[in-house]
Structure formats: structure tokens, C-alpha cells
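Quick one: structure below, then a few questions.
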Protein chains: 2
Amino acid sequence: MKNLLILAICLLNFSAVAVAQKVTSPNGEMQMQFELMEDGTPAYNLTYKGKPVIKTSKLGLKLKDDEHSLLNNFEVIEREESSFDETWEPVWGEESEIRNQYKELAVILNQKSTNRQMIIRFRVFNDGLGFRYEFPQQQNLGHFIVEDERTEFAMTGDHTAFWIPGDYDTQEYDYTESRLSEIRGLMEESITDNLSQTSFSDTGVQTSLLLRTDDGLYINLHEAALLDYSAMHLELDDENMIFTSWLTPDVTGNKAYMIAPGQTPWRTIIVSDDAREILASRMTYNLNDPVALEDTSWIKPMKYIGVWWEMITGKSSWHFTNDFAAVKLGETDFENATPNATHGATTKNVKRYIDFAARHGFDGVLVEGWNVGWEDWFGNSKDYVFDFMTPYPDFNLEEIRDYAKSKGVEMIMHHETSSSVRNYERHMDAAYQFMKDNGYNAVKSGYVGDILPRGENHYSQWLVDHYQYAIEKAADYEIMVNAHEAVRPTGIARTWPNLIANESARGTEYQAFGGSKPNHVTVLPFTRLIGGPMDYTPGIFEMDISKFSPNNESWVNSTIANQLALYVTMYSPLQMAADLPENYERFPDAFQFIKDVGMDWEKSLYLEAEPGDYITIARKEKGTNTWFVGNVNGETPRTSKINLDFLEKGKTYVATIYSDTKDAHYKDNPQAYNIRKVVVNNKSKLSQRSAPGGGYAISIMEADKSETKGLKKL
Amino acid sequence: MKNLLILAICLLNFSAVAVAQKVTSPNGEMQMQFELMEDGTPAYNLTYKGKPVIKTSKLGLKLKDDEHSLLNNFEVIEREESSFDETWEPVWGEESEIRNQYKELAVILNQKSTNRQMIIRFRVFNDGLGFRYEFPQQQNLGHFIVEDERTEFAMTGDHTAFWIPGDYDTQEYDYTESRLSEIRGLMEESITDNLSQTSFSDTGVQTSLLLRTDDGLYINLHEAALLDYSAMHLELDDENMIFTSWLTPDVTGNKAYMIAPGQTPWRTIIVSDDAREILASRMTYNLNDPVALEDTSWIKPMKYIGVWWEMITGKSSWHFTNDFAAVKLGETDFENATPNATHGATTKNVKRYIDFAARHGFDGVLVEGWNVGWEDWFGNSKDYVFDFMTPYPDFNLEEIRDYAKSKGVEMIMHHETSSSVRNYERHMDAAYQFMKDNGYNAVKSGYVGDILPRGENHYSQWLVDHYQYAIEKAADYEIMVNAHEAVRPTGIARTWPNLIANESARGTEYQAFGGSKPNHVTVLPFTRLIGGPMDYTPGIFEMDISKFSPNNESWVNSTIANQLALYVTMYSPLQMAADLPENYERFPDAFQFIKDVGMDWEKSLYLEAEPGDYITIARKEKGTNTWFVGNVNGETPRTSKINLDFLEKGKTYVATIYSDTKDAHYKDNPQAYNIRKVVVNNKSKLSQRSAPGGGYAISIMEADKSETKGLKKL
């Protein structure tokens, strides 16, 4: 009897009262239901085509030093329903027009015990759900500290997840594919070394997280418009398969400092029964504000090379001299120091890259290690680590600037901050002005190592504010930003399109740090790229690093054809050809694809996709009638079958197909590729095998008769 | 036998080996002896006129994650002896010329176990000893973290100390006079409430610390040139009466992040058997670098009034409206908010102050609460708390600017940062430019409340760097800085004379927060003022605060005559007349002294001094033949006897003497003063009684016969 009674009370407590309200997506397939539980806890659930996606999940925030928090005891005082439909044109992107269509429900809650109001705003799109907490201006709620955000995402089963370990400082991990129930057991081995890392739980994972259910659904959990708040991770209760939001703390353990009026970022759930639709979703951008810049004409996609891979692989060095155990900027005498003979950013070497860029039509050249301070830049918790203005003696900034200009090539600035963000902010105005004065219009910024102010984390509110400050400050100077090691993007580039790329994931550099999983690039578009483009730096042709950097035994786990395909599959308005010029010169025919491939797109079609296995995307270049197709493949060889019916009817094209040879393999035969030119039209079908870690790339250009002469039909 | 053996080992360990070296001050009275102990620990002792001042005291630094540290195992590899004598002219000061004369010993040490070098540089002046640690550039020592500085100051007995509790965030405490052995028992009651405070020990005290020995010595312990290091406190071993340096930690507990080449601040010991010589010491300035500015013509002493005391006392408010529980700068609509009717910084009120300043010849008017953000500025850990640019709707900046200019009065800007230093640094350039654009040449900055970045302390290296950044940045804009709640000064104004004042102690405001000890001002010149001028904001004429601010029961523990004397005894190139104009208008005769008193001095004579009891100082104004004398008195009534032999021989002067009446008392009769004019010359002697918490002030102006007519001789 006693046990029964307890059960009954529990049921009462957790059963929803009759204030539930449903909102359905414009196409009727996605349905969110909001409800208030018995104790006044807000909750929601989500279904897609009638299938449960998110079971009833609680919503709310635990506040610091506040006995009531914003968790329960709420009543609904008003509901506002609306619908929205507009089409907007991104400054750059995977397509020239994006439709933003949703139905909205804003539930205005009053906490009875405190008379405080909170709004939960839901937007139900055809491709998913976004919701956020809003705190209107009111007398009873001004400043408050979020101790924990308690947003739940209750899973319907033990799904398959593509996850990386939850971490306050890095996302540079390989993805693990496992059941949710297996995460705990796989956590330790998933946490590989990083220069700054702070994991928090055996079942904590990062967003954007991709899940696949046994009944054929694909679910992406992430956030949109992360501004003035800390980044959200997900902590899994692996008994009940419930994810709860886990925010990045600051140095004192607090998660976010909030002011009413204000709001959290959007929590996003993208859902489909077709993996391709996850890639096609624009919900994350749609939940961000429209562009904040009046003039965006200075923002331009760029294809670039850089004095970079030679340092990453260990062939060259960022630093100039070995004379000093420590450097004091403004005091250390570099002019009279002994050069170390390995410095990469020399005037001579940079000019070689400029020549190469000009010869092959690249827009820009990035140079790292150009400025003084690299001798002791890392691991010393050094505050005044770089001044972003003073070149090494062997880097003649004026000469290089003028030489690049004469060759029609733009220089890309590098600002490694060593995570000393006060120092960066102090120098920011002068450094950006210095860039403009010297013709630099884009900056790659870096946040390697532990954060200063000490104790802060890469993904805490303090740093989120900093990255945003840098983006907005750069916009003042009409500078494009490519931020590495910053917080992963959440669609902010819609508002600030000068954020042309981020790293914020395990990029190609890890192929020179021991290698990444060959299927890594079949996961990233489902996860990291949901929030915005990645400066993945593809294009590696020499997989055996030791060939040019004898002490580095790393092997790039990819075929050349796979590397080419990445320019299509890993969308970014900023694309690097990362390998050394001398490696490209050995494979001029394959290199042609990198030279040809588009950078900005009118249309993108997601032809085939299965996370962890393969992705095939076709994109039509903006302003031309040229298409590019990319296929990346995981561990298992596979034959891709695609239909070229996206081509304009009645037109003839020449397709140049860069593919793996039959015996190609990322492990032992990565440079085995075929290039064939064939005639295609909108009735053509392609059946193309991809090797393990392989893929294919195709350029499809409209052709007249003279150009198709002698070519076979596909 | 066993006990004897242990004793013998101890003696061996702590006895000095025969590498001792003595250095004597230019006049032979001060003698420092350096020695290396048996285990290679550096040590020193100090005598004055043959009397021991500092017993053998160890030197060294404990490093983080470094088993050897820089504590022992040293050998002397070189000694450099030199002497120095120069006279320099401060931009402003207590005298027009300062002699910097010392003998120097630099001991170059090598740590045998690590082959690392450290230099200890000693400078022996006639008035004391300064020494610091230096770390030359070397291969074996680059970056290092100071876990603890272990500099000892071994006292010779249970001295009397004038101390305030050691604290990482505030010095705004009343001084306690006690034996060293009594500190522990008095600590708790000495720690009064402050808006940000972090004490660390029952026997930890702050510098600058004044000690008096039973054999008649006065000793001041402090530091000079605190740059890029954390502020030093002193931790007392009250069994052995040994002080050890206790640095302010950062958020992670580390004390300082160091780079070789580099050095610590100077540790200073000022000694005399005459208390007046402590006040006359310029050793702290002498240990700082010469002026770093090429042009200092824009730095000018200022006498000012301000819209300030009315807020401090609670009569008015800094904030403009009560409409908002929280404010978001740039979003909150102040234009349509309801004014609260108590806002002090209204155009009308400010004009009243400008009129008053112009009428009475003041240089400037400070206005606090002029800019938006005061509604929620404190206690909310608010990052973007002020923008330093946007006035409240009832503060017409342009109108006030033009009005002040038309009246020949300068406006003084107020930048309260609420200790959100990232926010301040982000706005600094724009805010300083805004000041210059609107004719403001001086800024009062404030650091009330806990520091952001969170977890940092007011006196940690991060903040020391910030205050210095602000000083140097202000100098770029030719702006004078008066920093409140910043780290206490250490003579840096020699190098950066645009730092015209600091608060960094318990100022007059505490008289409106419940009162300060009546003898407080007889201690400050021996302690806080050793490092530089204080914006003490004297000049209170209405001691009963409740007369104009009914809810404030505070009583100013001082007589009017004492208040006048402060303009002489509390040296500062920035002097406020802090009381309300209406209070001054009730006592125009006493107010005359504030109007007359000089601001910059050719010469200062310390006529009488005993810490805690009385101070009498005479100063000759720069560029005139006018002298001003001030006497402040503690709890006990006392008759001061001074000799006017400093006056120019053969000349006649009129002295206006502002003194306490016989029945004056800070507690119940503070406004009882006499003013008398008498004729004096260099043979005159004055015997003048001062009341408890009283004092006297004298202006002595050269006079011709017509001016002395009818006046008595002293």
C-alpha cells in the first residue's frame, strides 16, 4: 500500500496538466507540444511524421542564490501564436536564397511564488524545432546568474550518436559512433590530447550532436545565435536516455550572467528521416538575426594558400630564433639574434607562395609566424605575447605587401592570440588598422592554449563575448574573420557575414598530428558545419608527411580524390589549398580541380548522405552554369550512383571526373586517381566507385560542340 | 645530547658564511649587510646609527612547479658596487628639487643546482634601503611563476605598528596602533565592512606599514615601482617577529608571472630616529624611473569641487531613475524613464557648482553620476556596466561644457568602472578621446566592487597591469588620472606624473559612512602617502551629516580647523573642497583658507610629527613667497610650538591663523574656530593649541607696511 501511494504521488507530480498546446510546422510534419506539469514545470515534446522525436522534456533554469530558480511553479498567463515566411539572400552560402518559414508559439509564464515572468518561444520549422528562454523587462527580475540550464532532450531510445567528448576548451576530437549507452565506456579513449582541454563528465558530449534512431530518424541537437551566453554541451542520463543542457562555466563555476530584458540562445532540434535533409537544413541560420551590416560588398569568398602546412608538419618553424628562453616584446633584440634556419615566414619563401598563388589564380596567401613572439608563445601563460604589428627581421612586410599587390594576390593576416585575449583586445584597433593600411582584408585568428584571463574557458560567456567583440570590431574595419579554436559557430554568420569561417573542430592539421579517422569528413557536415563554415584546409596531396618532414611519421588518412571532393562537401566561403606548392606541382592534373572549383553557390543538392559512411553533394556556382560534385567516402568502398538531372535540360556539359583508381586506398595507395572527361546532360547517370577514405570530385561545365569533340558520353 | 646536536645543526644552517658584504649610506648612518647563508640562501640585515633595524632576513622566491625555486643553493659570482648622486625636478611635488643619492651593491648570484642567475640589487640611501630581485636574460630561466616571494623583514622586537588588515581588495580601513604581538587579537575588529574585501591571515598587514621601536626608531616598510607584479603585503610570524612578503594572488592562486629579463618591484625600508624624516623621505620616488613623458606641460595641479559629497552622504543619488531592475546600455530607454528626483548630476545643479567654482577660483568641477548605468552598477557582476560616453537625459553635456568654458572652469570626468576592467579597456580610447573633445583634461576613475575578470583581485598582477595601462593610455591623450580603489601608489608618479592622485586608503568619504578615527590623518602621511599623493577630499565644514541628509547619522570626526590643515598636511597636487557649496557659504572666513592655499611647493618642512598624535608641516608655494602651515592633531589636545625661522630673513609677513577655539572638539564642537591675523618674521615663534581631532592652518604672506597696519605681532 505504501509503495502504491508513492507511485501515485509520483504520477501526479510528473503528469502534465491540461494546459498542453500543440504547434505544427508549415508542412504539418513536425509537431511540438508544450505543456505545464503539475508542479508548474514547463515541458515540451516533439514528433516528426507522427513518430516521437523528443519525449516529454522539462525546461527551466537553476539560478544561483535563488531558492525559487526558474524551474517550476509557473502558470501560463498568455500564449502568442504566429507564423512567419520570408526568403532572404545570404551574402555568401550554399544557395543564393534561403526560405525562413515557421510557426511560432510564445508561452508567457508567470512564476507564482515570485511573480517573475519568463517567455519560452518555440519556432516549428519543416526541418525542426528551435526554442529559447526570454526574460522580459520587469521589476522582480533584473540581474541573475544561471547556475545550470536544465533544458532536457529526452530521447526515445538508445540511439546511435556521432559524438565528441564534452569539453570546455576544445572540439578538436575525432568523432565516435556509438550507441548512447556506450558513450560512458568509450569516453576515456575518445579524449585525445589537446593543447587546452577540460572535460567534465563521462557522459558529456558536445553539440552539434548527430543522432540516428533505429526507426530511421536523423536528429541534430545544437544551438543557434550563441551570444552573451556560454556554449551548451549535453549531459546524458544514460539510464533514461535524457540529455540535459550543460553550460560551460566561468572561472567561478557560474554558467551565465543574465540581465532582463534578455534571452538565451536558441536550442535547436533538426529532424528528418532522410539524412540529406539534415545537410540541407538552414534552420540554424534562420534562427539568427538578419545581417547587421549595411554594406557587405567587401565580404568576398576566398581561395587561398599559405605558409602553414610546412610549420604544421614540422618542416619549418613559426619562430625565428633559438637564442631566447623568453621574449619581451619591445625589449628582445631580434635584429641581432641568430636566425634558426627553419623559419617559414621569410620574405623569400613568402614570395615563392605569392608567385604560386598568382600562377594558379588563388585569391590570397596566408602567412603564419610573420610576427615576433613565437619563441615562447605557447604554454607560458604569457600575457603580452604578441603585438600583431612587428614582423621578424626576415619578413619584409612592405616588400611582401608591394610584391603581392603587383601580382594581384591578397595577403591574409594571421593573429595568433595564444588565448591571451586581454592582450588581443588591447591591440585590436591598432592591429586591424595596420592590416588595412597594408592591404590585408582577412584575418585568421587563433586561440591556442589555455585562456587568459586565467581560469576562463574557451567556451565560457566571457570568451563568447570576446569572439563576438572581435567579429564586430573587425567589421568596423571591413575585415573578414576566420577564427580558429574559438567557440563553434551557431549561425551567427547570417548576422555577421564577415565571420567567413571557423575552425572549432578537428581540422586537416590533425592529419599531420598522427592522423584523423578516414570517415571524419563524412560526419563533420552533419555536426560542426550545421552552425557555419569550417576552415578545414583540405587539399593534401602528399599523405606521407615524413617525405618532406623526416621527424613526422604522420599519415594523411585520405586519398587525393577524397581531398578534392572536400572542396564541395565541406562548404566554406574560405577554402585553402593547404599542401606545399611543391606537392601540388607533382600532380598538376589533380590540382586543376582545386583551381577550378567554385567558392560561392546558387544552389546545393544533397544527392547521397549517410553520416560516417558517405556524402555526395552537387553545387551550382553563383553566376555561371557550372556545377561541381563531391563525394567523400568512409572506410568501406562503395559505389555512388547519382543522377545528373539537376543539369539544365537540353544543354550539353563536359564533366571532368577525378576519382579513385580501383586499387586506391587511404592507407597504402592514396595518390592513385583517375581523371576522365566525359560528355553529360541532364539525363546522365553516374555510377562511381569510391575507395576506403576516398571519393570523387567532378566539375561539370557547359560545353559547345568543339569542346565535346572526341569525348565519350557518360 | 640529541637536543644539543640539533641545536648545533641549526646554528650551522642559519649562520652566515664568510661572504658577507657591507654597504653604507652616503652619510654613513645606514648600513646594509648582505650575506649568503650556509645553504646558499641570500640574506641581509640593516642598521641605522649602529642600532639594528632589520635582523638577518632571508631573501628569495618560491617558484611554482620548480623543485629548486630561487631560495637557496646560491653562490656569489660577482658583486658590483657603485654610487649615485643626482638631483631631479619633479613635475609637481612637495619640493621643486629632489636629491637621489645612494650607494649600490648588485650581488650576482648563481644557483648551483640549476645554473640560473639572479641579481639582488641593494640601494642604501641616507633615509633607508631599497632592494629588488633581478632576473637577467639567460638560457636556463625564461618564464617562471612566483608561488611566494619569501622576502623577510626580521624585526628587532615587539614594535608598535600602525597597521591595516592585509587584504587583496581594499585598503579602506582605519589604522590600528598596537604592538606586533597584539595584531592577531585585534585583526577581527580591524576588518570593517567594504564593498570588496579579501583578507588572508590573522597576522597579515598591508604596506606601507609604519613601525615605532622602543629604542626610538621609526621604520616604514613598503615597495617602490610596483609594475607588472602583484602588490606586496606582509605576513607576521608573531613568535619571532619576522615579516615575510605576502603577494596578492591571482584567481588561480599564483602570485606573479615573470619573464627573464625582468625584476620585482623594490622592497623599501625607510628608517629614522626622527619621525619627521619619514615624512621627508623621497626614497620611494627615487627608486622609480625618471619621467617617461617628453612633454609634461599639460600636467597641472588642480583645486576642485564636485557633485559628489551630496551623493556620498545620501542627499542625492548617482542614478537617474528607479524604473529599471536592470539596465542594458544602448537598449534601456532613459529618455522616457521617470526621473527619481534625487539625481545629483543635473544640468541645473552642475551649473550651480560651476558658478561656485568660478566665484571662488577653483580650477575644476567633478561630476559623478553623469553617465547612464548607475541604476544597477554595483553588486551584479555586470560586464557592460558603463560606456563612459552617454549622459543621462538631465545632464546636458554640451551645455555644461560650454557653460564651464565660459566661466573659466574645467570639468573633471568621472569614470566609475564598477571594477569591470575589460569593459573599461574596451571603451578607453573612445572615452578618453571623448573627454578631450569636450575639454576634460582629468579623470577620476573608480574600481568599486569585485573585479571582473571574476576571481581576480584589486591588487593582483592582472589589475596592477590594468591600472598602469590606464595611466599610460591616458598619457597618450594628455589626461591626468586620479584612480580610486586602485592599488596603492609606489612612487610611480615620478615616471608617470599624470597619475596626479590615488585614493587607495580610507578617505573622507568614510566620515559619511559612520566616521573615521580622529587621528587617521596623523597616520596617513606616514603610511599611504609614502607612495604618492592621495585624493583625500578634505574640507568638510558640516560635521553633522544628518543636517542635510536626514537618514545619515554619520558624524565627521574632525574640527573645521583640522579640515583646513589637511590641505597642507595631506600633500596632493589634486585637492578637493569636498563639502557642499551651501556649507561653505555659511563659513566664508574659514573657506578663505581653502581658496588661498597653495597646490604646488618649492619646499616643505616637517616641523613636528608623531604618528597617531600630530603632524605639523610648513610649505612654501612654488613661484611665490607665500608659506602655508598645517597642523593636524589626534585625540589628545596639544599645544604645538613652532619656529617660523624658515621665513626669509628681514622680510615681514602677515600670518592668518585658523585655529580651534579653546572649547572646540571633534565630537561636540567641531565648528568652533578662531581666525586671527598677526605680523610675523623669521624670528617669530608660535605656540598654538589644537583640540582633540583639531589642528590649525596658517597662510603666511609677505606684506608691506600698509598691509600690516593695525595688526599685532605674533
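All of the numbers you see were taken from the coordinates with simple rules; none came from a lab. Note that the coordinates shown come from a computational prediction; the quantities given were computed from them, not determined experimentally. Cβ atoms come from the backbone with ideal geometry, glycine included; neighbour counts cover every protein chain shown.
Tell me, how many Å apart are the Cα centres for segment B:56-88 and for segment A:111-189?
55
Okay, moving on. Provide A:Trp627, A:Trp318 in ascending order of the number of other Cβ atoms located within 10 Å of each residue's Cβ, fewest first.
Arranged by neighbour count, lowest to highest, A:Trp627, A:Trp318 become A:Trp318, A:Trp627.
Binning at 10 angstrom from zero up to the longest distance, how are the C-alpha pair distances of chain A distributed in percent?
Taking every Cα pair in chain A, the percentages come to 3, 15, 25, 26, 18, 10, 4, 1, 0.
Moving on. Report, for A:Lys651, each distance to the same residue's label point in the other copies, shortest first and in nm; define the point 7 Å along Cα→Cβ.
List, nearest first: 9.7 nm.
For B:Lys103, give me every one of the aspartates and glutamates with a C-alpha distance below 20 angstrom, ignoring sequence neighbours fewer than eight places off in its own chain.
Partners within reach: B:Glu29, B:Glu35, B:Glu78, B:Glu80, B:Glu81, B:Asp85, B:Glu86, B:Asp127, B:Glu134, B:Glu223, B:Glu277, B:Asp289.
How do B:Arg99, A:Arg426, A:Arg528 rank when sorted from fewest to most other Cβ atoms within 10 Å of their own Cβ?
Listed from fewest to most nearby Cβ atoms, that is B:Arg99, A:Arg426, A:Arg528.
Something else about it: Determine ³J(HN,Hα), in whole Hz, for all residues of segment B:119-135 in sequence, where each value follows from phi through the Karplus function 6.51 cos²θ - 1.76 cosθ + 1.60 and θ = phi - 60°; x replaces Gly and Pro.
10, 10, 9, 10, 10, 9, 9, 5, 9, x, 10, x, 8, 8, 9, 10, 10
What span do the alpha-carbon atoms of the protein assembly as shown cover on each of the three principal axes, reported in whole Å from largest to smallest?
122, 75, 74
Find which of A:Gln139, A:Gly128, A:Tyr696 sits farthest along the positive direction of the dipole of chain A, computed with +1 on the beta-carbon of Lys and Arg, -1 on that of Asp and Glu, about the Cα centre.
Comparing the listed Cα positions along the dipole, A:Tyr696 ranks first.
Place the peptides A:682-692, B:160-170, B:631-641, B:19-29 in order of packing, highest mean first, counting for every residue the other Cβ atoms within 10 Å and averaging per peptide.
Ranking the peptides A:682-692, B:160-170, B:631-641, B:19-29 by packing returns B:160-170, B:631-641, A:682-692, B:19-29.
Can you list the distances in nanometres, one decimal and ascending, from the A:Lys662 label point to the identical position in each other copy, with the point 7 Å along Cα to Cβ?
Sorted ascending, the copy-to-copy spacings read 12.5 nm.
Return the average number of partner chain Cβ atoms within 10 angstrom of each residue Cβ along peptide A:456-464.
Partner Cβ neighbours, averaged per residue: 1.
Roughly how crowded by other chains is peptide B:130-139, in terms of the mean Cβ count from those chains within 10 Å of each of its Cβ atoms?
2
Taking the Cα centroid of segment B:286-309 and of segment B:338-370, what is the distance between the two, rounded to the nearest whole Å?
Comparing the Cα centres of segment B:286-309 and segment B:338-370, I get a distance of 23 Å.
Could I ask something else about it? Could you tell me how far the Cα centroid of segment B:648-692 sits from the Cα centroid of segment B:464-528, in Å?
30
For a quick check: with amide H placed at 1.01 Å from N, whose amide H comes under 5 Å from B:Leu574's, ignoring anything fewer than 5 positions away on the same chain?
Here B:Met302 satisfy the definition.
Shielding by partners for B:522-535, please: the mean number of other protein chain Cβ atoms within 10 Å of each residue's Cβ.
0
Which order do peptides B:474-484, A:182-192 fall in by mean Cβ count within 10 Å, highest first?
B:474-484, A:182-192
Separate question: For segment B:371-527, just run the numbers: alpha carbon Rg, then divide by 2.2 N^0.38 Å, N being how many residues it has.
Against the compact-globule rule of thumb, the ratio is 1.08.
Quick one: in chain B, whose Cβ comes closest to the B/A rotation axis, and how close in angstrom?
Closest Cβ to the B-to-A rotation axis, residue and whole-Å distance: B:Pro453, 2.
Add +1 for every Lys or Arg and -1 for every Asp or Glu among the other residues with Cβ under 11 Å from the Cβ of A:Glu35, and state the total.
Charge balance in the 11 Å sphere: +1.
Here is a further query. Based on DSSP H runs of at least 4 residues, each adding -39500 (n - 2.57), what is the mean residue ellipticity at 222 nm of chain B after dividing by all its residues, to the nearest 500 deg cm²/dmol?
The per-residue figure over chain B is -5000 deg cm²/dmol.
At R0 = 45 Å, how high is the FRET efficiency between A:Lys662 and A:Ile119 if r is their beta carbon distance? Nearest 0.05 is fine.
0.15
Next question, about the same structure. Pairs of lysines 8 or more apart, or on different chains, with alpha carbons under 23 Å: count those in segment B:333-419, would you?
4
Pairs of Cα atoms under 8 Å, at least six residues apart: use those to get the relative contact order of chain B, whole percent.
10
Same structure again: Tell me which residues come under 5 Å, amide H to amide H, from A:Trp246 once H is placed; ignore anything under 5 positions away on its chain.
A:His233, A:Leu234, A:Glu235
Within straight cross-link reach of A:Lys713, meaning Cα distance under 17 Å, which lysines are found once same-chain residues fewer than 8 apart are removed?
A:Lys713 reaches A:Lys641, A:Lys649, A:Lys651, A:Lys677, A:Lys683, A:Lys685, A:Lys705.
When a/c reaches 1.5 or more, the comparison of a/b and b/c decides; with that in mind, is segment B:174-279 rounded, prolate or oblate per its Cα gyration tensor?
Verdict is oblate for segment B:174-279.
Further, regarding this structure: Looking at the protein assembly as shown only, what percent of DSSP beta bridges run antiparallel? Nearest 5 please.
Of the beta bridges lying entirely in the protein assembly as shown, close to 85 percent run antiparallel.
Amide H to amide H under 5 Å from B:Glu602: which residues, 5+ apart in sequence or cross-chain, H placed 1.01 Å off N in plane?
Answer set, sorted by chain and number: B:Lys620, B:Glu621, B:Lys622.
Ok, one more. If eta is 1.306 mPa s and T is 10 °C, what Stokes-Einstein diffusion coefficient results for segment A:2-286, Kirkwood Rh from Cα pairs, in µm²/s?
In µm²/s, the coefficient is 81.
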